[in-house]
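Enquirer: This structure is in structure tokens; I'll ask about it shortly.
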Amino acid sequence: MQNTRFIRAKSLLLALSALVGLVSLTGCNHAITNLTPSVLAENPSQIYTISTRVKPDAPEVVPGSLLVRIIIDGQSFDMKKSALGRDIYEFEYQLPAGRAEIAYYFLINYKYVHQGVVNAREEFSDVVRSNIVGRYVLSLETNRGPVGARISVLGRGFTAQDTVTFDGTSARTVYDSPTSISFFVPAVESGRNYKVEIAGANGTSAVGTFRVDSTALTVSPTSLALTRGQVQELTFTLTTPAPTGGLLLDVTTDAPDSVIMPEVVVPAGSTSATVSITGGKPGSGSLFLKGFGEGEIAVPVTVK
């Protein structure tokens, strides 16, 4: 009876050992790190570099035994060591025509020594995906400027539907060409940095970081009293000349039926702009301007 129990216990231990050994021989391992961006800019050759960092999860790997492969499109390809750094491997992938997504995973095989015995191990990564986008940003004309400044972005694949955002706040965007768009710095709080992105049909692309500088501005006269149809001039004056491209002043009002006015742009190199304000329907409200100094500039308007 005791011998039977001993045999059963021994069999159970052997089964558990085999299971542990099986788990150690194959499995998904975090020692494989994908270094390929999830979004890749489209290029004319349609060849994309897929890279990974491999650090086998074993204390003593047999030299020369490591084989790194990529499984893509149902095929296995050997990866080569990269000149970018130690433990980094690369594969040059030719994207088939008409494809805009790459799905793949990494597979490694190697031998290691444990308690004087040479063992074989296989590990693999999760399936990862990279999307090919036709739009990408090459450069931002400048990384700082005041509210209202017109800034150019150079790149490729821009469309008329693209919109520039500052931490999610939409900026007035001008489509210049497939390789260039411009935006006017929106009326956001000055003196801080903002994350700038382009959103549109091709997804969202990072542009960079933009710092909004503070600029002082005065308005004269400081209030308006008009009759219906009467015209009065309003002058906006900066303390420094407007930058290249001019400075757009995003003037808003809470009395749109009472105030008729054109867009206000201070020309490049100038310090002021004067526009004509026409009285509309009788009413009262204000003209508002944000982003210049602390708080908000308000010009009271009354139309009788």
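The values are calculated or read from the model by the stated rules, or taken from the named source; none is laboratory data. Nothing here was measured: the structure is a model prediction, and the numbers come from that model. Cβ atoms come from the backbone with ideal geometry, glycine included; neighbour counts cover every protein chain shown.
Enquirer: Looking only at the stretch 247-304, count how many residues are out of contact with any strand residue (DSSP E or B) (no Cβ under 7 Å at 6 or more places or on another chain) and hydrophobic (A, V, I, L, M, F, W, C).
Expert: Count: 1.
Enquirer: Does G283 fit the bill of being among the small types (G, A, S) and free of Cβ contacts under 8 Å to residues at least 12 places away in the same chain?
Expert: So G283 fails the test.
Enquirer: Also, I was wondering about something else. Have a look at S82, S65 and point out the one that is within 27 Å of the chain's Cα centre (by Cα) and at pLDDT 85 or above. Let's see the steps before the verdict.
Expert: On the way: S65 fails: within 27 Å of the chain's Cα centre (by Cα).
On inspection, the qualifying residue turns out to be S82.
Enquirer: From the residues in the stretch 163-197 that are of a type in the set (S, T, Y) and part of a loop (DSSP other than H, G, I, E, B), which one is surrounded by the most Cβ atoms within 10 Å (Cβ to Cβ)? I'd like the intermediate steps shown before the answer.
Expert: The initial filter retains those residues of the stretch 163-197 that are of a type in the set (S, T, Y), namely 163, 165, 169-170, 173, 175, 177, 179-180, 182, 190, 194.
Still in the list and also part of a loop (DSSP other than H, G, I, E, B): 179, 190.
Values: T179: 12, S190: 18.
Only one residue fits best here, namely S190.
Enquirer: So Y110 ticks every box in (1) in contact with a Ser or Thr (Cβ under 6 Å, 6 or more places away or on another chain); (2) closer than 30 Å to R156 by Cα but one. Which box is left unticked?
Expert: Among (1) in contact with a Ser or Thr (Cβ under 6 Å, 6 or more places away or on another chain); (2) closer than 30 Å to R156 by Cα, Y110 violates only (2).
Enquirer: Hey, any hits in the stretch 199-210 for a residue that's surrounded by 13 or more Cβ atoms within 10 Å (Cβ to Cβ), at pLDDT 95 or above and either β-branched (V, I, T) or part of a strand (DSSP E or B) (or both)?
Expert: Within the stretch 199-210 (the criterion being surrounded by 13 or more Cβ atoms within 10 Å (Cβ to Cβ), at pLDDT 95 or above and either β-branched (V, I, T) or part of a strand (DSSP E or B) (or both)), the answer is yes, since at least one residue qualifies.
Enquirer: Identify all residues within the stretch 211-221 that are surrounded by fewer than 19 Cβ atoms within 10 Å (Cβ to Cβ) and over 11 Å from T235 (Cβ atoms); write none if there are none.
Expert: Result: R211, D213, S214, A216.
Enquirer: Need at least 1 residues that are under 27 Å from V212 (Cβ atoms) per element, so show me which strands (runs of 3 or more DSSP E) inside the stretch 222-304 make the cut, counting only ones lying wholly within it.
Expert: Values: elements: 224-226, 231-238, 247-249, 264-266, 272-279, 283-290, 296-303.
Because the criterion is at least 1 residues that are under 27 Å from V212 (Cβ atoms), the strands (runs of 3 or more DSSP E) in the stretch 222-304 that meet it are 231-238, 247-249, 264-266, 272-279, 283-290, 296-303.
Enquirer: Tell me which residues, restricted to the stretch 123-151, are closer than 20 Å to A199 by Cβ and without any contact (Cβ under 8 Å) to a residue 40 or more places away in the chain.
Expert: Matches in the stretch 123-151: L138, S139, E141.
Enquirer: Also, I was wondering about something else. Taking the stretch 147-168 as the region of interest, how many residues are more than 15 Å from L248 (Cβ to Cβ), modelled with pLDDT of 90 or more and under 16 Å from the mean Cα position of the chain (by Cα)?
Expert: Step one: filter the stretch 147-168 for residues more than 15 Å from L248 (Cβ to Cβ), giving 153-163, 165, 167-168.
Next, from what is left, pick out any that are modelled with pLDDT of 90 or more: 153-154, 160-163, 165, 167-168.
From what's left, under 16 Å from the mean Cα position of the chain (by Cα): 153-154, 162-163, 165, 167-168.
Of the residues in that region, 7 qualify.
Enquirer: Could you please let me know if T173 is modelled with pLDDT of 95 or more and either closer than 22 Å to T159 by Cβ or not assigned by TED's automatic domain parsing to the domain that holds G157 (or both)? Full working, then the answer.
Expert: On the way: modelled with pLDDT of 95 or more: yes; either closer than 22 Å to T159 by Cβ or not assigned by TED's automatic domain parsing to the domain that holds G157 (or both): yes.
Yes, satisfied.
Enquirer: Quick one: count up the residues across the stretch 124-139 that are in a strand (DSSP E or B), surrounded by 16 or more Cβ atoms within 10 Å (Cβ to Cβ) and modelled with pLDDT under 90. Quick ask: steps written out before the conclusion?
Expert: As a first pass, look at the stretch 124-139 and keep what is in a strand (DSSP E or B): 124, 128-133, 136-139.
After this cut, where a residue has to be surrounded by 16 or more Cβ atoms within 10 Å (Cβ to Cβ) as well, the list is 124, 130, 132-133, 136-137.
Checking the rest, the ones that are also modelled with pLDDT under 90 come to 132-133, 136-137.
Here the count works out to 4.
Enquirer: If I filter the stretch 91-123 down to residues being polar (S, T, N, Q) and loosely packed, with under 11 Cβ neighbours inside 10 Å, which single residue comes out as farthest from S51 (Cα to Cα)?
Expert: Across the stretch 91-123, the extreme among qualifying residues is Q115.
Enquirer: Considering each residue of the stretch 72-102, count those that are under 21 Å from P37 (Cβ atoms) and in contact (Cβ under 8 Å) with a residue 40 or more places away in the chain, and give that number.
Expert: 8
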